[in-house]
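Handing you this structure, nothing more for now.
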Amino acid sequence: MPATADRWLERVILVHRLREVSALTGFTRIDAPEWIPLDHNDDPTVQAAPLTREPPSWVPCAELRGEGVFLAFREERLDEWEKRPEVIAREKALKAAHVTWCLARGLEPQWPGIRYVLLHTFAHVLIRGFALECGYGASGIAERVYARSGKNPMAGILLYTAAPDSEGTLGGLVSLGRKDRLGPVIDQAIEEARLCSSDPMCAEHDPRVHGRLHGAACHACLFAAETSCERGNHYLDRALLVETLAGDLGAFLS
């Protein structure tokens, strides 16, 4: 465990072997369905056009093998952070913009929670840090965010890379999970997140003005490739992770 992250990071798990299977069950046009919660109980394909007129007996799949690093956050630290007045106020602003965005598209607002925004932001920050050290491009590193408050809470992120080769990948990413390497990478990534080349416009961005699904985030600091982000670069906000030029608006790592 990196000493500098011990107060908020509970454990780090090195995933030396990982298998990812993707299935194509439908498609959409114009807007991608990133708004559908990952733990949605209903079949998300009801919002997509089917592949065939009749229920298919099989669908196209792709199998990838790779590696990754899983980071679990301390629940007590997150619970304390969620109760801060600044965080509650920031969540109200982000949630109001989320409702505006959904209603403009005729969708039912389903807010993923302020915890998800924080973990998602940290995942994007770390993807950029990992890409500089592991030998893989940022577009080749994907994320999976596990966030839930209340009953049976969870808080963790999985950053991984995978390839169609039967041998998988070469170990460059999982090696960054070692104690002697992970700490400096996290420290550097967090430090770079404090300032964006588009500041102060990025730091002072109000998502409620135009109904955006992100706060202090842009292509210069947080946005990732489509292959990396599970939510289409939605639900991101640097202000929830670190202090920005706009001040402390509820920074988890203030």
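Values in this text are rule-based calculations from the coordinates and carry no lab data. What you see is a predicted model, and the numbers here were worked out from it, not measured in a lab. Here Cβ is always computed from backbone atoms with ideal geometry, including for glycine, and neighbour counts include all displayed protein chains.
For region 188-254, what mean projected area does the convex hull of the alpha carbons give, in nm²?
4.6
Another question about this same structure. Taking R0 as 45 Å, what FRET efficiency do you get between ARG105 and TRP8 from their Cβ-Cβ distance, rounded to the nearest 0.05?
Efficiency, from the Cβ-Cβ distance: 0.80.
Moving on to the next point. Taking neighbour Cβ counts within 10 Å as the exposure measure, how do HIS124, HIS205 sort from fewest upward?
Taking fewest neighbouring Cβ atoms as first place, the list is HIS205, HIS124.
Continuing with this model, one more query. Rounded to the nearest 500, what is the chain's calculated 222 nm mean residue ellipticity when only DSSP H runs of at least 4 contribute -39500 (n - 2.57) each, over all residues?
Result for the chain, helices only: -8000 deg cm²/dmol.
Here's a follow-up. Can you tally the lysine pairs in the chain where the Cα-Cα distance is under 24 Å and the two residues are eight or more apart, or on different chains?
Taking the Cα cut-off of 24 Å, the pair count is 5.
Only counting other Cβ atoms within 10 Å, I'd like LYS95, LYS151 sorted with the fewest neighbours first.
So the ranking, lowest neighbour count to highest, is LYS151, LYS95.
Assuming 0.36 nm per residue, please report the length gained on full extension of the stretch ARG148 to ASP248 beyond their Cα-Cα distance.
33.6 nm
Right, next: Which order do LYS92, LYS83 fall in if you start with the one that has the fewest other Cβ atoms within 10 Å?
The most exposed by this proxy come first: LYS83, LYS92.
Can you give the FRET efficiency to the nearest 0.05 for ARG29 and ASP206, using r as the Cβ-Cβ distance and R₀ = 22 Å?
Once rounded, the FRET efficiency stands at 0.15.
Sticking with this structure for a sec: About the Cα centre, and with charges only on the beta carbon of Lys, Arg (+1) and Asp, Glu (-1), how big is the dipole of the chain? Nearest 20 debye, please.
Using Cβ point charges on Lys, Arg, Asp and Glu, the chain gives about 220 debye.
Along the three principal axes, how long is the chain when you take its alpha carbons, biggest first, rounded to the nearest angstrom?
55, 45, 38
Points 7 angstrom from Cα along the Cβ direction at GLU191 and GLU226: gap in nanometres?
Inter-label distance under the simple model: 3.6 nm.
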